[in-house]
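**Student:** This is the structure I have questions about; it appears just below.
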Amino acid sequence: MGGYGSGRQQGRPLANEALIIDIGWMVKTGRVIPGGLVRGKVSWTCWGEPSGEIGYICDICDPEKALLMLRFETIRHSTGEKRSHVQKVSLTYTSPNFGGRRWWMLCPFTGERVTKLYCPAGEEKFASRKTHGIGYYSQRIGEHDRPFEALFALQKRLGCEEGWEKPIRRPKGMWKKNFAEYERRYWELDAQCGAAMMDKIAGLGGMRF
């Protein structure tokens, strides 16, 4: 990834330079199963060398008490000391207008509902982008640009704040049926953006499941 934590934007860690837990991607790929309990492992590499590993247990047997437990180690750069951590992350869900359930994580620090949690270099907890002050990757990513540009255009059309992970809302006066189609498209593009980012990280020796 150019070195875990090496990327900065005006002193801020970048999203593509942090370890990422993406609940939407995990559900989509069967690494989290609504209605069940799953144990697994997430690992990262940097330029072919191991740079992080997490064991996890995700319990969604009871959707109202869904929980993701993370077990991982961090290394203090100043001393090289390894520290073990257990972090619990509460899960929740919403019911989109087009049906089904959309799963979210609750940031352990702010309680905000997010699809992704980050752990930048030097930090010891996964938290929301806002909590860690993480900036967005500002450089172009070639053919992977398109879903981001389409997502921002959709947000702009609805009068919402532009940005990956920024939610959309139904404009005043718009029919719910029409908004449902926009919402469906928003989540399609969000998934494509996530896949593009994962491909970018993987291409640089990033995350493995």
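**Student:** In the stretch 140-162, which residue that is part of a loop (DSSP other than H, G, I, E, B) and modelled with pLDDT of 85 or more is surrounded by the most Cβ atoms within 10 Å (Cβ to Cβ)?
**Tutor:** Of everything passing the filter in the stretch 140-162, Cys160 is surrounded by the most Cβ atoms within 10 Å (Cβ to Cβ).
**Student:** Checking Ala66 against (1) over 20 Å from the mean Cα position of the chain (by Cα); (2) modelled with pLDDT of 90 or more, which test does it fail?
**Tutor:** (1)
**Student:** Another question, if that's okay. Taking the stated definitions as given, is Pro34 modelled with pLDDT under 75 and either under 22 Å from Gly194 (Cβ atoms) or in contact with a Phe, Trp or Tyr (Cβ under 9 Å, 6 or more places away or on another chain) (or both)?
**Tutor:** No.
**Student:** Of all the strands (runs of 3 or more DSSP E) wholly in the stretch 61-108, which have at least 1 residues that are touching a residue at least 60 places away in the same chain (Cβ under 8 Å)?
**Tutor:** 82-94, 102-106
**Student:** Here's another thing I want to ask about it. Check the stretch 123-134 and report whether any residue there is surrounded by fewer than 14 Cβ atoms within 10 Å (Cβ to Cβ), modelled with pLDDT under 85, in contact with a helix residue (DSSP H, G or I) (Cβ under 7 Å, 6 or more places away or on another chain) and closer than 30 Å to Ile54 by Cβ.
**Tutor:** no
**Student:** Looking only at the stretch 163-177, decide whether some residue is surrounded by 20 or more Cβ atoms within 10 Å (Cβ to Cβ), in a helix (DSSP H, G or I) and modelled with pLDDT of 85 or more.
**Tutor:** Checked the stretch 163-177: no residue is surrounded by 20 or more Cβ atoms within 10 Å (Cβ to Cβ), in a helix (DSSP H, G or I) and modelled with pLDDT of 85 or more.
**Student:** Among the residues of the stretch 109-135, write down those that are among the hydroxyl-bearing types (Ser, Thr, Tyr) and either in a loop (DSSP other than H, G, I, E, B) or within 16 Å of Gly194 (Cβ to Cβ) (or both).
**Tutor:** Scanning the stretch 109-135 gives Thr110, Thr115, Tyr118, Ser128.
**Student:** Further question on the same structure: Do you know which residues across the stretch 17-26 are modelled with pLDDT under 90 and either open to solvent by less than 10 Å² (accessible area, probe 1.4 Å) or of a type in the set (A, V, I, L, M, F, W, C) (or both)?
**Tutor:** Of everything in the stretch 17-26, those that are modelled with pLDDT under 90 and either open to solvent by less than 10 Å² (accessible area, probe 1.4 Å) or of a type in the set (A, V, I, L, M, F, W, C) (or both) turn out to be Ala18, Leu19, Ile20, Ile21, Trp25, Met26.
**Student:** Restricting to the stretch 69-93, what's the tally of residues that are out of contact with any Pro (no Cβ under 7 Å at 6 or more places or on another chain), over 15 Å from Lys125 (Cβ atoms) and surrounded by 10 or more Cβ atoms within 10 Å (Cβ to Cβ)?
**Tutor:** 3
The values are calculated or read from the model by the stated rules, or taken from the named source; none is laboratory data. Please read all numbers here as calculations on a predicted model, not as lab measurements. With ideal geometry, Cβ positions are generated from the backbone for all residues, glycine too; neighbour counts draw on all protein chains shown. Accessible surface areas use protein heavy atoms only, side chains included; no ligands, DNA or RNA. Shrake-Rupley method; radii C 1.70, N 1.55, O 1.52, S 1.80 Å.
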